[in-house]
Amino acid sequence: MEIQKLEQKHYPYVARIYQQAIDAGNITLATKTSSWKDWDKDHLENMRFVAIENNTIIGWVALSPVLQRTGYHGVTELSIYIDQDHQGKGIGKVLMQHIIDTSENAGIWTIMSFIFPENDKSILLHKKFGFKLLGTQQKAAQLNGIWMDNCILERRSALI
C-alpha cells in the first residue's frame, strides 16, 4: 500500500468511497457527494491523502478547518473513509498515523472528529490514536428526518 497526496485526479474514487458511507446511512450526515470544486475548497490542500493498492484507491483521509478565525488555524476536523471491500485490513491505522504525523509537522495542535455513537469501529480507531471523547451532542442534526447524536472526539498534539 502506498500513501499519496490526494489530487483532483483521485476525486472520482474518493467520491465513490464517500458515497458508500452515505449509502450506509449511519456514518455521515451528507446525503450526496459534492463537486471537486466544493470538496477542494473545504479541505486543507496539504492535509489530504489517499491509500493506493494495486493502482486502486482504497481509502482517504483529509483535514478541514474547524473555524476560520486566526486563533483556530491549528484546529481541524478529520475525515477518514475506507472502501467497504477493504475495511478491517489496517488501512485506517496507516492513514490515521500519516495524517497525525503530517499535521503535527505542519503545526496543527488539535484534530477533532464528530462520529455517530453507533459507529463503534471508528470511535475505537480514534481512541487507539489518542483521541478523547469530549461528550455526545444529543440530537445534533437530522439525517433523512431522523435526529442523530454525535460523539465529539479530540486529539491534542503532545508536540505542539
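Counting every other Cβ atom within 10 Å of each residue's Cβ, 17, 146, 152 order from fewest to most as 146, 152, 17. All alpha carbon pair distances within the chain were sorted into 5 Å bins beginning at 0; the resulting P(r) in whole percents reads 2, 9, 18, 22, 23, 18, 7, 2, 0.
Over the chain, DSSP H runs of length four or greater, each weighted -39,500 (n - 2.57), average out per residue to a 222 nm ellipticity of -8500 deg cm²/dmol.
Picking from 59, 88, 74, which is most flexible by a Gaussian network model of the chain using Cα springs under 10 Å? It is 88. In this structure, the amide hydrogen of residue 143, modeled 1.01 Å from its nitrogen in the peptide plane, lies closer than 5 angstrom to those of 148, counting only residues at least 5 positions away or on a different chain. Averaging the sequence gap over all C-alpha pairs within less than 8 Å and six or more residues apart, then dividing by the number of residues, gives segment 23-160 a relative contact order of 21 percent. Helices that extend 18 Å or more along their long axis by alpha-carbon positions and average at least 0.0 on the Kyte-Doolittle scale are, among the DSSP H runs of the chain, 91-105.
Could you please state, rounded to a whole Å, how far the C-alpha centre of segment 1-65 is from the C-alpha centre of segment 74-135? Cα centres, segment 1-65 to segment 74-135: 14 Å. When the Cα positions of 87, 99, 109 are compared along the charge dipole of the chain, 109 comes out farthest toward the positive end, with charges on each C-beta of Lys, Arg, Asp and Glu. Each other residue within a Cβ distance under 14 Å of residue 129 adds +1 if Lys or Arg and -1 if Asp or Glu, for a net charge of +4. Would you please calculate the Kirkwood hydrodynamic radius of segment 1-69 over all C-alpha pairs and express it in Å, rounded to one decimal? Taking the inverse mean of 1/r over all distinct Cα pairs, segment 1-69 comes out at 12.7 Å.
Each residue, residue 84 and residue 128, gets one label point 7 Å from its Cα in the Cβ direction; the gap between the two is 2.2 nm.
Put in line by how crowded their Cβ is, counting other Cβ atoms within 10 Å and starting with the fewest, 39, 109, 60 read 109, 39, 60. Taking label points 7 Å from Cα along the Cα-to-Cβ direction, residue 35 and residue 7 give a separation of 2.2 nm. Taking 1.567 mPa s as the viscosity and 4 °C as the temperature, the Stokes-Einstein diffusion coefficient of segment 109-160 based on its alpha-carbon Kirkwood radius rounds to 112 µm²/s.
Values quoted throughout were computed directly from the atomic coordinates according to the rules given, and no laboratory measurement underlies them. Predicted model, so just to flag it, every value in this text is computed and none were measured. Here the Cβ is made from the backbone with ideal geometry for all residues, glycine too, and neighbour counts use every protein chain on show.
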